[in-house]
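S.K.: Attaching a single structure in structure tokens format; questions to follow.
The values are calculated or read from the model by the stated rules, or taken from the named source; none is laboratory data. Since the model is a prediction, treat every value here as computed from it, not as a measurement. All Cβ positions, glycine included, derive from the backbone under ideal geometry; neighbour counts span all protein chains shown.
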Amino acid sequence: MFFEILCAIEEDTAYNEVAKPTHVQHFTRLSYDKMMNHFDELEQKGMIHRVSGLVAITAKGKKFVEQYDQLINLIESAGL
């Protein structure tokens with residue numbers, strides 16, 4: 001689920017430097033409570049940063065998305 005949340009934040013920040021939690025919630029189809037719990041975990045892990053009720057992805061979060069995407073592509077190319 002972290003991957004989907006981080007991707008949603010990246011997509012929303014394509015136009016702004018920060019994402020609105022409601023946009024992330026809509027993209028991921030999570031309940032607000034679950035999403036906020038995930039935000040807490042992601043913030044503790046240093047993958048996102050929250051400011052004034054908005055959320056931004058950190059360099060560590062971007063690296064996670066890139067590496068996860070590479071792993072998925074490798075698995076798919078291997079036919080697993």
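To keep it simple, each residue is scored yes or no on (1) modelled with pLDDT of 95 or more; (2) assigned to a helix (DSSP H, G or I); (3) aromatic (Phe, Trp, Tyr); (4) within 11 Å of the chain's Cα centre (by Cα).
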residue	(1), (2), (3), (4)
Lys34	yes, yes, no, no
Glu43	yes, yes, no, yes
Val55	yes, no, no, yes
Gly61	yes, yes, no, yes
Phe64	yes, yes, yes, yes
Leu74	no, yes, no, no
Leu80	no, no, no, no
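S.K.: Give all pairs with beta carbons closer than 9 Å in which a residue from region 1-24 that is closer than 15 Å to His38 by Cβ meets a residue that is hydroxyl-bearing (Ser, Thr, Tyr) and not in a helix (DSSP H, G or I); count only pairs at least 6 apart in sequence or on separate chains.
M.R.: Ala19/Thr13
S.K.: Kindly indicate whether any position in region 10-31 is in contact with a Pro (Cβ under 9 Å, 6 or more places away or on another chain) and either surrounded by fewer than 17 Cβ atoms within 10 Å (Cβ to Cβ) or outside any loop (DSSP other than H, G, I, E, B) (or both). Show your work before the answer.
M.R.: From region 10-31, those in contact with a Pro (Cβ under 9 Å, 6 or more places away or on another chain) are none; that's our starting set.
Taking every residue of region 10-31 in turn, none turns out to be in contact with a Pro (Cβ under 9 Å, 6 or more places away or on another chain) and either surrounded by fewer than 17 Cβ atoms within 10 Å (Cβ to Cβ) or outside any loop (DSSP other than H, G, I, E, B) (or both).
S.K.: Under the condition of being of a type in the set (Gly, Ala, Ser) and within 14 Å of Ile5 (Cβ to Cβ), which residue from region 32-80 is surrounded by the most Cβ atoms within 10 Å (Cβ to Cβ)?
M.R.: Start the filter on region 32-80 by keeping residues that are of a type in the set (Gly, Ala, Ser), which leaves 46, 52-53, 56, 59, 61, 77-79.
Narrowing the set further to residues that are within 14 Å of Ile5 (Cβ to Cβ) leaves 56, 61.
On the way: Ala56: 17, Gly61: 23.
Residue satisfying both the conditions and the ranking: Gly61.
S.K.: List the residue pairs whose Cβ atoms are under 9 Å apart, where the first residue sits in region 33-59 and is under 12 Å from Lys20 (Cβ atoms), the second is small (Gly, Ala, Ser) and surrounded by 14 or more Cβ atoms within 10 Å (Cβ to Cβ), and the two are 6 or more positions apart or on different chains.
M.R.: Arg50/Ala56; Leu54/Ala19; Val55/Ala19; Ala56/Ala19
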